[in-house]
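Nothing in this text is a laboratory measurement; each read-out follows from the coordinates by a stated rule. For clarity, every value in this text was computed on a predicted model and none was experimentally measured. Quick reminder, even Gly has a Cβ in these numbers, built from the backbone with ideal geometry, and neighbours come from all protein chains shown.
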Amino acid sequence: MSTPKTENGKRKTENGSLDPLDRAILNEIQSHFPLVPRPYAEMGRRVGAGEEETLARVQAMHEAGVIRRIGANFTSRKLGYTSTLCAARVPTEKLEHFAEVVNRYPGVTHNYLRRHRFNVWFTLIAESTERLAEILEEIRKASEVEEILSLPAQEVFKIKVDFPM
């Protein structure tokens with residue numbers, strides 16, 4: 001089964017929506033991504049497609065923005081790390097520079113804008129609370145943004161969320 005494409009080679013589905021095979025692949029990716037040497041072959045076997053087609057569909061959904069990233073989620077506390085949610089009050093003219101500074105740190109897992117006086121929120125993971133404080137101070141100095149709140153979790157609620165396709 002080949003995937004219909006537009007003139008520019010991008011994947012196309014009927015009415016621009018996901019077809020049943022795309023949906024089956026997304027269901028597998030969410031919580032059942034196979035940890036084997038050839039994951040797309042295994043995933044394809046599970047959904048009734050070949051390895052090449054499965055990989056091509058995943059790549060096309062990524063290019064179309066349906067899939068943002070594929071990666072593992074770890075419980076940082078169980079690995080000896082600590083984390084915090086941060087909220088920053090960033091003037092509009094400093095937004096781009098602030099995002100560049102924050103995104104330099106590998107422990108930043110999310111970084112997004114909100115409509116609020118604290119308009120940039122990000123999560124930060126580090127080896128210790130001391131290292132978190134050091135990184136936040138480095139971000140303050142490099143970005144020249146002083147108002148950055150650190151909001152560590154008081155209690156952790158982990159809810160498994162799958163979005164059935």
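From the phi of every residue in segment 112-129, what ³J(HN,Hα) in whole Hz does the Karplus formula 6.51 cos²θ - 1.76 cosθ + 1.60 yield, where θ is phi - 60° and glycine or proline is x?
8, 8, 9, 8, 6, 5, 8, 9, 10, 10, 8, 10, 9, 10, 8, 5, 7, 5
Show me, for segment 53-69, the HN-Hα J-couplings you get by feeding each phi into the Karplus relation (A = 6.51, B = -1.76, C = 1.60, θ = phi - 60°), rounded to Hz, glycine and proline as x.
So the J values, rounded to whole Hz, are 5, 4, 5, 4, 5, 4, 4, 5, 5, 5, 4, 7, x, 6, 10, 8, 7.
Starting from the amide H of C86, placed 1.01 Å from N in the peptide plane, find each other amide H under 5 Å away whose residue is 5 or more places distant or on another chain.
Close amide H contacts, sequence-distant or interchain: F122, T123, L124, L151.
Given the Cα-Cα distance of S17 and E134 and 0.36 nm per residue of separation, how much length would full extension add, in nm?
Details: separation 117, 0.36 × 117 = 42.12 nm, distance 4.60 nm.
So the extension gain works out to 37.5 nm.
Please work out how much length the chain gains when fully extended from K94 to R68, using 0.36 nm per residue of separation minus the C-alpha to C-alpha distance, in nm with one decimal.
6.8 nm
Please quote Rg/Rh for the chain to two decimal places, taking the Kirkwood radius as Rh and restricting both calculations to Cα atoms.
Working: Rg = 20.1 Å, Rh = 18.8 Å.
Reported Rg/Rh (Cα atoms, Kirkwood Rh): 1.07.
Each residue of segment 92-108 in order: what ³J(HN,Hα) in whole Hz does its phi give by Karplus 6.51 cos²θ - 1.76 cosθ + 1.60, θ = phi - 60°, with x for Gly and Pro?
Ordered by residue, 3J(HN,Hα) equals 3, 5, 9, 4, 4, 5, 4, 4, 4, 5, 4, 6, 5, 8, x, x, 7 Hz.
Testing the spin-label approximation: label points 7 Å from Cα along Cα→Cβ at E52 and V36. State their distance in nm.
2.0 nm
In square nanometres, what is one fourth of the surface area of the convex hull spanned by the alpha carbons of segment 82-126? Don't jump to the answer; show the numbers that get you there.
Numbers: hull surface 11.3 nm².
Averaging across all directions leaves 2.8 nm² for the Cα convex hull.
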